[in-house]
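The values are calculated or read from the model by the stated rules, or taken from the named source; none is laboratory data. Since we're looking at a predicted model, the values are computed, not measured. Every residue, glycine as well, gets a Cβ built from its backbone with ideal geometry; the counts of neighbours run over all protein chains shown. With ligands, DNA and RNA removed, areas are computed over all heavy atoms of the protein, side chains included. Shrake-Rupley method; radii C 1.70, N 1.55, O 1.52, S 1.80 Å.
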Amino acid sequence: SRAVLLHQVSKHMSGSPFSKSKGGVEDACFHPSKPFLLVATQRHVRIYDLATRQLEKKLNPSAKWISSIDVHPGGDNLLLGSYDKRLCWFDLDLSTAPYKTLRSHKLAVRSVAYHKKLPLFASSSDDGSVHVYHRRVFADLLTNALLVPLKMLKGHSIVDHIGVLDIAFHPTQPWIFSCGADGAIHLYCS
């Protein structure tokens, strides 16, 4: 199905507020502070306003196949991973095109994640590695964001050309969990 279903737990209701999406849905997430739903299809990210049930913005990452998205806890930036080895950083207030595109992985990027409290983000790939970056977003709108590679974490074995499937940060500590196609879950502590 190409429909995105929303479930309202308080009313025990489910529904599809939008028409069928244009392409297969790869990932979806909520905006942390606004009533927005971000839906990633194969080539685009669409941002829907849930209050008005209208399309708010369409992002064009110029990626061949999007794999995952995550929204910065402040709500102004979006991180996008793709199967064509790209990691795209969007400034949602600035443009519909990526602010920065990083190509640090050798194979497909499977998952991206922001830390909810610390200025960190990470990406995982089929090359069996997890890359951790420091991010700094300035309050001054004229100053560009700063993205600095910190560490490349290895430890997963590649099985059938698939490496690290997913990553998640600890809510308060600078720790990252990763799970791979090798059936292992790793915890990396700094």
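Enumerate the lysines that LYS154 could reach by cross-link, defined here as Cα to Cα under 20 Å, with residues fewer than 8 away along the same chain left out.
The reachable lysines, counting only those whose Cα sits under 20 Å from LYS154, are LYS85, LYS106.
Once all Cα-Cα distances of the chain are split into 5 Å bins that start at 0, what whole-number percent is in each one?
Taking every Cα pair in the chain, the percentages come to 1, 8, 16, 19, 20, 16, 12, 7, 2, 0.
Rounded to the nearest 20 debye, what is the charge dipole size of the chain about its Cα centre when +1 sits on each Lys and Arg Cβ and -1 on each Asp and Glu Cβ? Don't skip to the answer; put the middle values down first.
Numbers: 23 positive and 15 negative charges, 62 e Å.
That gives the chain a dipole magnitude of about 300 debye.
Over the alpha carbons of segment 77-161, what is the largest minus smallest coordinate on each principal axis, giving the biggest first in Å?
Dimensions of segment 77-161 along the principal axes of its Cα atoms: 45, 25, 18 Å.
Around LEU153, which amide H atoms from residues at least 5 apart in sequence, or from another chain, sit under 5 Å from its own amide H, with H modelled in the peptide plane?
Residues meeting the criterion, in which the H sits 1.01 Å from N, are VAL130, HIS131, VAL132.
For segment 121-127, just list the computed ³J(HN,Hα) in residue order, Karplus coefficients 6.51, -1.76 and 1.60, θ = phi - 60°, integers in Hz, with x standing in for Gly and Pro.
8, 8, 9, 10, 9, 6, 7
So how do 7-16, 50-59 stack up, highest first, on mean other-Cβ count within 10 Å?
On the way: 7-16: 8.6, 50-59: 12.6.
Going from most to least packed, we get 50-59, 7-16.
Quick one: work out Rg over Rh on the C-alpha atoms of segment 116-159, Rh as Kirkwood radius.
Values: Rg = 13.7 Å, Rh = 12.0 Å.
For segment 116-159, the value is 1.14.
Keeping the other protein chains in place, figure out the carbon and sulfur percent of the accessible area of the chain, with a 1.4 Å probe.
55 percent
Taking the dipole about the Cα centre of the chain, with the C-beta of Lys and Arg at +1 and of Asp and Glu at -1, give me whichever of HIS161, GLY75, SER104 is farthest to the positive side.
GLY75
Per residue of segment 73-90, in order, report the coupling 6.51 cos²θ - 1.76 cosθ + 1.60 (Karplus, θ = phi - 60°) as ³J(HN,Hα) in whole Hz, putting x for Gly and Pro.
Taking θ as phi minus 60°, the curve returns x, x, x, 9, 10, 10, 10, 9, x, 9, 6, 9, 6, 9, 10, 10, 10, 10 Hz for segment 73-90.
Using θ = phi - 60° and the Karplus form 6.51 cos²θ - 1.76 cosθ + 1.60, what ³J(HN,Hα) does each residue of segment 61-67 get, whole Hz, x for Gly and Pro?
In residue order, the calculated couplings are x, 6, 9, 6, 7, 6, 10 Hz.
Would you mind computing the Rg to Rh ratio of segment 62-115 from its alpha-carbon coordinates, Kirkwood style for Rh? Write out the running numbers ahead of the final one.
Values: Rg = 10.5 Å, Rh = 11.1 Å.
With Rg and the Kirkwood Rh in hand, the quotient comes to 0.95.
Considering only HIS115, LEU150, HIS44, whose Cα is most displaced toward the positive end of the charge dipole of the chain, charges sitting on Cβ of Lys, Arg (+1) and Asp, Glu (-1)?
Checking the options against the dipole of the chain, the answer is HIS44.
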